[in-house]
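The values are calculated or read from the model by the stated rules, or taken from the named source; none is laboratory data. Computed from a prediction, not measured in an experiment: that's the story for all the values here. Cβ coordinates were reconstructed from backbone atoms using ideal geometry, including for glycine residues, and neighbour counts include every protein chain displayed. These area figures cover heavy atoms from the full protein model, side chains too; ligands, DNA and RNA do not enter into them. Shrake-Rupley method; radii C 1.70, N 1.55, O 1.52, S 1.80 Å.
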Amino acid sequence: MGNRSAVAAAWLLFFCCAPPSSSSGPRETRIGGGLRHEERVHGEYLLRVKGAPSIAEIESYFAPYVAKGVSMIEKDLYLLKLENDPGPETITDFAKSAPFFLSIQPNYIYRALPRNRMNNEKLNGSTKPNEPR
Amino acid sequence: MIRTSRIHQTIGRTIAASLIFFWLHGNLLGRPAQGGVTGNLQGNYVPGEMIVQYKNHVGNLSAAQLSRNGGSVAHEFHYSPQGSGPAHLVKLRSGQDLESAIKAFAANPDVEFAQPNYIYHAKVAPNDTSYGQLWGLKNTGQTVTGFSYGTGAGTLGKDIDAETAWNTVSNCASVVVAVIDSGVNYNQQDLTANMVNGSYTCPVGTGTRGCDFVGTGDADPMDTNGHGTHVAGIIGGVGNNATGISGVCQTASILAVRVLDTNGSGTTVDIVEGLNFAIGTTAGKGNAKIVNLSLGGPSNDAAFSAALTTANNNGVTVVVAAGNATQNHNVTHDYPCDYTHSNIICVAAADQNYGIASFSDFDNNATVANRTVDIAAPGTNILSTYYGNDTVIADTFNTAGTLNWTTNVVNSWYYSNGCLNPAADLLYSPASFCNGTTPANGLNYIVYKNFNLSAYTDASISFNAWVQLKNSGDTWTLNSASAGGDPFAGGTTLLSATGPIDTGGLVAVEDTLSGCLTAACTVGFRVITDATANNLWDGAGIAYFSITGKTPATNVYSVLNGTSMASPYVAGIAALVKARNPSYTNTDIVNAILAGGDVEAAFASKTKTGMVADAFGALKYIPAPDGVTLTSP
């Protein structure tokens, strides 16, 4: 039995949410000390298009994943919301075959960068004393 | 002789007081910059006069000839910098344009530099009541009241040299600065006079102070987090109004662009829409020339990058925060800092002694030119305007050592102050989390508590969590319920995590409770284990739990730390430079800031410039003339 070696977890690296197969959660899983996963809004993608497709065409193409809505962000750039999110890799492969496809990416999450909770620094050393590692 | 090439020269600092010149020697001289002046000259200078410094190979006679070509030699300096040639004060001929004359002289290869004969005044500190706390503007070694970083004290002179810069320009109102952030409390007493007051086409409706792009958006960019208001105050808090603080710009035009929610989070869509609005030049758009982005994320985001390219094409300077994870960008990227657009300045945080702040990101790439973190600025113990009052409701989960939260199963969630090292009040489940046993399969353990949030206009939840779960069917969840009772019976899921996962220790978690602003509001946690065998020690623990209720106010200030606070210092300097030199391009502004900083050893291997930004240094920058033709005798 030895002391657990603490893994410092940066306070920015947190959290979040629903299983990937469900759209009930607000964001994808993001919890984990030392993890550096990309953050994104679950079920939302930014689709850049060519050839001026209609919103109905875009919705129709993504029907297998139940498109909940398509809205224009700027010329040739649309926010695509899916009921069933297969994940970035799968949706990218699927989208590449669309005649209007230029690129697709997750709707990433950004955070403000204040350092106003300095107590977190001392917490990074927390251990459960008796847990073997 | 005809010259048409760009000229790179060295400018010496010339400091004069009320028309009296003093050549200074030593380390004030020889700061690299480029010669020539372009654009409309701003600030105080003697009309029709310029100073011409010749290179050391130019003799007195030829210098006099050259100077007379521009006008009459009014004064010959007797104390020139060592290694330099003659220097003259030249009076221009009647009707001769100063700007053109300086351009022409600066293009002469025999000329070290040519510049206006500036007028200086005795320094006068602004009368803002908390000005003495603003070490970033003037560091007297003061201890900042309410400090939360280090000792709160600093080193005399380690500041951005604001007072000297203000002798030249303190009014940035001609330059719209977009604060793309959590909004701005535009009613704050030290901000309201420095906010834009226009007619802006917002996602829904017409805004006067800017727009809100969070979610469906609206015309009200009011800050409900506090972050954006703090950033805005650093850039453009009203100065010399006998109230509170002063920004880097004492007078300003702040455009509020809300892209981060109450919890300080925003998405690509929010940011791209907000940025496109801010830099747009058509009717109803922001028409900003300086943008501050005190935000970041780990993803290389093509849509965000494309919007920054548009900003570059529109001549907009974008100042961004490096990040607060003590992260080396040569190893781990963070954006927008790591985009390579030439209009981006990425800013690290300096402490009150001009060391690098312990949390600040940096870049130690061996190829200095490839470093993405450009420069540093004050970023610890920064006093600025704030959204309003934060009421912190802390909870330690116990009364006299006994759990005081409601559980759905007896002996499912526990309180302990002896599980963690160092000791902390801990809410945990199941017992295995602290005693090293193996949790049973099929657990569904809930714990919750009522918090009356009816008095607040917004609220957020903050705690530290340690989650370790083995299987994909094992989950940890945070729920809230505005109607009260068990938040897992009809409540709202705020956060959850599924196995396999082990955070390896406590990690900070925060989220909004904006949907639970009722007297009955309950907040709770749940641990579920599936039918697959678990590991020893599995479970979840919660520590340092608090809820922050928010109420807006117009007279609140706060001390914060972060590269978020460093970035707006540089954005403010960029606005000063642009205000003084309206014709400067964004490239000129970037060059001015990166060339005009103070060299600090702590940043030599951490940033591209090894400097901390300096307002006066940036204002002295003179861009090289382009396409100038000079015929000399």
>> Restricting to segment B:202-216, and then to whatever is within 14 Å of another protein chain (Cβ to nearest Cβ) and touching a strand residue (DSSP E or B) at 6+ places or on another chain (Cβ under 8 Å), can you tell me which residue is surrounded by the fewest Cβ atoms within 10 Å (Cβ to Cβ)?
In response: B:Val204
> Do we find that B:Asp351 is over 30 Å from B:Gln189 (Cα atoms) and charged (D, E, K, R) in this structure?
Replying inline: no
>> Under 7 Å between Cβ atoms, which residue pairs at least 6 apart in sequence (or on different chains) link something in segment B:143-160 that is on the phi > 0 side of the Ramachandran plot with a partner that is assigned to a loop (DSSP other than H, G, I, E, B) and open to solvent by 50 Å² or more (accessible area, probe 1.4 Å)?
In response: none
> Which is more than 9 Å from chain A (Cβ to nearest Cβ), within 28 Å of B:Gly237 (Cβ to Cβ) and surrounded by 19 or more Cβ atoms within 10 Å (Cβ to Cβ), of B:Ala322, B:Ala377, B:Ala307?
Replying inline: B:Ala377
>> Filter segment B:156-191 down to the residues that are more than 20 Å from the chain's Cα centre (by Cα) and of a type in the set (Ser, Thr, Tyr) and list them by number.
In response: B:Thr164, B:Thr168, B:Ser174
> Among the residues of segment B:603-633, how many are crowded, with 19+ Cβ neighbours inside 10 Å, modelled with pLDDT of 95 or more and among the aliphatic types (A, V, I, L, M)?
Replying inline: 6
>> I'm trying to understand the selection: among the residues of segment B:224-264, which are assigned to a strand (DSSP E or B), open to solvent by 10 Å² or more (accessible area, probe 1.4 Å) and either aromatic (Phe, Trp, Tyr) or touching a Phe, Trp or Tyr at 6+ places or on another chain (Cβ under 7 Å) (or both)?
In response: B:Arg258
> So which of B:His57, B:His25 ends up being modelled with pLDDT of 65 or more and either over 29 Å from B:Met611 (Cα atoms) or of a type outside the set (A, V, I, L, M, F, W, C) (or both)?
Replying inline: B:His57
> Looking at B:Val527, B:Val556, which is the one that is buried (at least 18 other Cβ atoms within 10 Å of the Cβ) and either farther than 30 Å from B:Ala357 by Cα or within 12 Å of chain A (Cβ to nearest Cβ) (or both)?
Replying inline: B:Val527
> Looking at B:Ser496, is it within 11 Å of chain A (Cβ to nearest Cβ), within 30 Å of B:Thr609 (Cβ to Cβ), in contact with a Gly (Cβ under 7 Å, 6 or more places away or on another chain) and modelled with pLDDT under 95?
Replying inline: no
> Out of the residues in segment B:342-372 that are open to solvent by less than 10 Å² (accessible area, probe 1.4 Å) and touching a Lys or Arg at 6+ places or on another chain (Cβ under 7 Å), which is nearest to B:Ser546 (Cα to Cα)?
Replying inline: B:Phe359
> What do you reckon, is B:Val204 over 13 Å from B:Thr385 (Cβ atoms) and either among the acidic types (Asp, Glu) or in contact with a Gly (Cβ under 7 Å, 6 or more places away or on another chain) (or both)?
Replying inline: yes
>> Please go through segment B:129-152 and give me each residue that is away from every other protein chain (no Cβ under 14 Å) and open to solvent by 10 Å² or more (accessible area, probe 1.4 Å), ordered by number.
In response: B:Thr129, B:Ser130, B:Tyr131, B:Gly132, B:Gln133, B:Lys138, B:Thr140, B:Gly141, B:Gln142, B:Thr143, B:Thr145
>> Only one of A:Leu47, A:Leu102 is touching a strand residue (DSSP E or B) at 6+ places or on another chain (Cβ under 9 Å), open to solvent by less than 50 Å² (accessible area, probe 1.4 Å) and aliphatic (A, V, I, L, M). Can you tell me which?
In response: A:Leu47
>> Please verify whether B:Asn330 is in a loop (DSSP other than H, G, I, E, B), free of Cβ contacts under 8 Å to residues at least 40 places away in the same chain and within 20 Å of B:Asn300 (Cα to Cα), treating the condition exactly as stated.
In response: no
>> Here's a check for you: in segment B:413-467, which residue that is farther than 30 Å from B:Ser514 by Cβ, hydrophobic (A, V, I, L, M, F, W, C) and within 14 Å of chain A (Cβ to nearest Cβ) is most open to solvent (accessible area, probe 1.4 Å)?
In response: B:Ala423
>> Regarding segment B:266-278, can at least one residue be identified that is open to solvent by less than 20 Å² (accessible area, probe 1.4 Å) and part of a loop (DSSP other than H, G, I, E, B)?
In response: no
> How many residues, within segment B:488-509, are under 23 Å from B:Asp261 (Cα atoms) and either in contact with a Leu (Cβ under 7 Å, 6 or more places away or on another chain) or open to solvent by less than 40 Å² (accessible area, probe 1.4 Å) (or both)?
Replying inline: 8
> Got a number for residues in segment B:281-304 being open to solvent by 10 Å² or more (accessible area, probe 1.4 Å), more than 18 Å from the chain's Cα centre (by Cα) and more than 10 Å from every other protein chain (Cβ to nearest Cβ)?
Replying inline: 6
>> The conditions are (1) within 16 Å of B:Asn408 (Cβ to Cβ); (2) assigned to a strand (DSSP E or B); (3) of a type outside the set (Phe, Trp, Tyr), and B:Gly485 fails exactly one of them. Which is it?
In response: (2)
> Can you name every residue in segment B:488-516 that is part of a strand (DSSP E or B), more than 30 Å from the chain's Cα centre (by Cα) and in contact (Cβ under 8 Å) with a residue 24 or more places away in the chain?
Replying inline: B:Thr492, B:Ala497, B:Thr498, B:Ile501, B:Asp502
> What pairs can you find where one residue is in segment B:217-228 and within 14 Å of chain A (Cβ to nearest Cβ) and over 13 Å from B:Pro552 (Cβ atoms), the other is open to solvent by 30 Å² or more (accessible area, probe 1.4 Å) and of a type outside the set (D, E, K, R), and their Cβ atoms are less than 8 Å apart, with a gap of 6+ or different chains?
Replying inline: B:Gly217/B:Pro203; B:Gly217/B:Val204
>> If B:Ala278 meets every condition in (1) within 13 Å of another protein chain (Cβ to nearest Cβ); (2) at pLDDT 95 or above apart from one, which number is that one?
In response: (1)
